Structures are given as C-alpha cells and as structure tokens.
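See below for the structure under consideration.
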Amino acid sequence: GTIGFMWWNQEYRSAEVGYSLARAYWNQGLMTEALRAVVKFGFEEMNLNRIEAQHETTNPASGRVMEKVGMKKEGVLRQRLRNKGKFVDVALYSVLRGERTA
C-alpha cells in the first residue's frame, strides 16, 4: 500500500492526503493506523490547519477509514475524477486542527 500528501499549500496551511491498499489487506485496520499517523504528522510537524481526503463514492469503506480518524464528510463532488475511462463522483472529507482527536 501507499499513503502520503497529494498536495500541500503552506500559505493556507492545508493539504490533501491520499492512500491505496491492496484488497488482500483490507479490513485489518492497517490504513486507519497509517492515516492516523499521517494526520498527526500533518498537524504536529507541518503545522497544518486543514487536512482533506477524497474517495470514490463507490468505495464507502474508504470513507469509514476517514471517519475513524476524525474526518467529517463535506459533500460529494460530481464527476470530479476520471477513472478507467469514465468520470466518477467523489466524497470529500476533512479534519481541522481544532477538531483533532488523535
């Protein structure tokens, strides 16, 4: 698997995190643990105020991972990405420095 910041805006103190994990390793808590560590690093070491992430709406399990680390769903961005030749909707989640629980 992989996890990391997709972009980082120092002026606005915000960043987007993205991740991917092989299906054989799903439902073991691995990505929740990794995302929790990346969010902590973003707030403590990068001095971020906002961290966001998005997932395709056809993969609600990814949204549950985001919720487990304190992210809140902001809404759905219709046909935001193109994947495997077609446009897909994504759900946008975020967590703010003041909301941090982990």
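The values are calculated or read from the model by the stated rules, or taken from the named source; none is laboratory data. Because the structure is a prediction, the values reported are computed rather than measured. Neighbour counts run over all protein chains shown; Cβ positions are idealised from the backbone, glycine included. Surface areas here come from the heavy atoms of the whole protein model, side chains and all, with no ligands, DNA or RNA. Shrake-Rupley method; radii C 1.70, N 1.55, O 1.52, S 1.80 Å.
Each residue in the stretch 45-83 was checked for being under 9 Å from the mean Cα position of the chain (by Cα) and either among the polar types (S, T, N, Q) or farther than 18 Å from residue 35 by Cβ (or both), and 2 pass. A search for C-beta distances below 9 Å between a residue of the stretch 75-102 that is touching a residue at least 24 places away in the same chain (Cβ under 8 Å) and any residue that is among the hydroxyl-bearing types (Ser, Thr, Tyr) and surrounded by 12 or more Cβ atoms within 10 Å (Cβ to Cβ), counting only pairs 6+ apart in sequence or on different chains, returns 88/57; 89/57; 90/57; 91/57; 91/62; 94/14. When we screen 47, 27 for residues that are assigned to a loop (DSSP other than H, G, I, E, B) and open to solvent by 90 Å² or more (accessible area, probe 1.4 Å), the only hit is 27. Using the structure shown, decide if residue 33 is assigned to a helix (DSSP H, G or I), farther than 15 Å from residue 94 by Cα and open to solvent by 30 Å² or more (accessible area, probe 1.4 Å). Criteria met by residue 33.
The residue pairs whose first member lies in the stretch 1-24 and is under 23 Å from residue 73 (Cβ atoms), whose second member is among the acidic types (Asp, Glu), and whose beta carbons are closer than 9 Å, counting only pairs six or more residues apart or on different chains, are 5/16; 6/16; 7/16; 8/16; 14/52; 15/52; 16/52; 17/52.
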